[in-house]
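Asker: Below: one structure in structure tokens.
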Amino acid sequence: MKNKIAALAISSAMVLGVLSGCGGNSAETAESSVSAAAESSGSAVSEEETAAESSEEAEEEETAETETRTVTDAAGNTVEVPADISRIAVTPLPWSSVIYAIDGTAEHMVSINPGAISAYTGNFLETMSPEYGSIDATAIGKDFSINMEEMVNMDVQAVVIWDYQEDEAEQLKELGIAPVMVKNDTVEDLQASFRAIGELVGEEERAQEFIDLYEDTYTEIQSYNDQVEEAEKPRVLYLRTSELKLQGNDNFMKEALELAGADNVAAESSELTMEEIIDLDPEIIFLSWFDPFTPEDLYNNTIDGQDWSNVTAVKEKRVYKTPIGIYRWDAPGVETPLMMQWLATMIQPEIFSDIDIREEVSEYFKHYFDIDLTEEDLAQIMSDAYNAESAE
């Protein structure tokens, strides 16, 4: 193109020179012709350069859209996801908080379980991450169902699902959306799921940090095992809901309670009757964040059809609402190491006296999220207001 412009300029100059000798008007006419030709050529060049630039931009966009990365999910599936993934939906309850922690932001999630929003609202994460609250919570059901039409409308690129959601995985594949499976039945499952999330968001090293923290804490708590074995173990009941469904039968909580030195009186049950609880007579009761009930509900007997007045934990004011940080500590997630430490200090405070749980929490948020917790922040996370009437 540059050669063509040069040739055109030389030719025009020659014409101008010839016509100049023939008279002023002819010269003016020639000069005008050259100017018009130059303008026309410049316009043609500009249009061609613009077209070339547009073509290059289109090619770059197309390349970005077609580039992919490989994720090995917790079920062992190899899944291709966009290299620059930015639109993720999350079916399982705890896993939007896991993605938030590993990705370091909520901006890449476009739809999450409504139960995750209920854990967010009014709790510390609402202060920590206001943008998290704007994520859609209507396209995924509390029962982990997925509105496939909405996934398409939202241009979702990948959906995190439980490992047993095989039918949903097939539907997503047909829609060109990557299904990434997670599970948390065992420690190994949880670790594999963390790795999968790390690969999904391109934060493998950060995911490994959370895996390492879990292993380090697990080893730390286990190091007290000889003392725990010799200690008198208090009877502990971990309630999930005010309808007397249990949390202490969950695999992770069962092991955490055992390592902490508890006699988990209902470890093999999913729910109890009030009469059964009275017979078991727990000495410590933990209340999960899956239900709004509080220690005062038990102290004041405000739950219909239940009488807690003769239960030792209630009489001795040893009923505790569990902590909640970026998610409920009751469920396996990135805060599980903190939950293990908290349970240990609550159940066997003399054995685990060298663990300062509030300091551990402060260091955790500083290290992983670069947040300096205030006393008010820490009090909110540790459920201090709910436990104000409970024994220290």
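Asker: For residues that are in a loop (DSSP other than H, G, I, E, B) and surrounded by 11 or more Cβ atoms within 10 Å (Cβ to Cβ), tally how many sit in the range 354-373.
Answerer: Residues flagged as in a loop (DSSP other than H, G, I, E, B) and surrounded by 11 or more Cβ atoms within 10 Å (Cβ to Cβ) within the range 354-373 amount to 4.
Asker: Something else about it: Can you work out which of the residues in the range 180-227 that are in a helix (DSSP H, G or I), of a type in the set (S, T, N, Q) and free of Cβ contacts under 8 Å to residues at least 40 places away in the same chain is farthest from V98 (Cα to Cα)?
Answerer: N225
Asker: Related question: Out of all the residues in the range 97-119, which are touching a residue at least 40 places away in the same chain (Cβ under 8 Å) and either closer than 30 Å to D384 by Cβ or open to solvent by 10 Å² or more (accessible area, probe 1.4 Å) (or both)?
Answerer: Once the filter is applied, which keeps residues that are touching a residue at least 40 places away in the same chain (Cβ under 8 Å) and either closer than 30 Å to D384 by Cβ or open to solvent by 10 Å² or more (accessible area, probe 1.4 Å) (or both), the range 97-119 yields S97, V98, I99, Y100, A101, I102, D103, G104, H108, V110, A116, A119.
Asker: Another question about this same structure. Quick one: in the range 374-392, which of the residues that are in contact (Cβ under 8 Å) with a residue 40 or more places away in the chain and assigned to a helix (DSSP H, G or I) is surrounded by the most Cβ atoms within 10 Å (Cβ to Cβ)?
Answerer: I381
Asker: Listed residues T241, T345; which is assigned to a helix (DSSP H, G or I) and open to solvent by less than 60 Å² (accessible area, probe 1.4 Å)?
Answerer: When all the criteria are applied, what remains is T345.
Asker: When you go through A313, A266, A256 one by one, which is the residue that is under 18 Å from S390 (Cα atoms), in contact with a Leu (Cβ under 9 Å, 6 or more places away or on another chain) and outside any strand (DSSP E or B)?
Answerer: A313
Asker: Please indicate, with yes or no, whether at least one residue in the range 293-301 is acidic (D, E), within 27 Å of Y120 (Cα to Cα) and free of Cβ contacts under 8 Å to residues at least 60 places away in the same chain.
Answerer: So far as the range 293-301 goes, yes, one or more of its residues are acidic (D, E), within 27 Å of Y120 (Cα to Cα) and free of Cβ contacts under 8 Å to residues at least 60 places away in the same chain.
Asker: Scan the range 101-135 residue by residue and report those that are assigned to a helix (DSSP H, G or I) and in contact with an Asp or Glu (Cβ under 8 Å, 6 or more places away or on another chain).
Answerer: Residues satisfying the conditions are I102, D103, Y120, F124, T127, E131, Y132, G133.
The values are calculated or read from the model by the stated rules, or taken from the named source; none is laboratory data. Remember, predicted model here, so these are calculated numbers, not experimental data. Backbone-built Cβ (ideal geometry, glycine too); neighbour counts: all protein chains shown. Surface areas here come from the heavy atoms of the whole protein model, side chains and all, with no ligands, DNA or RNA. Shrake-Rupley method; radii C 1.70, N 1.55, O 1.52, S 1.80 Å.
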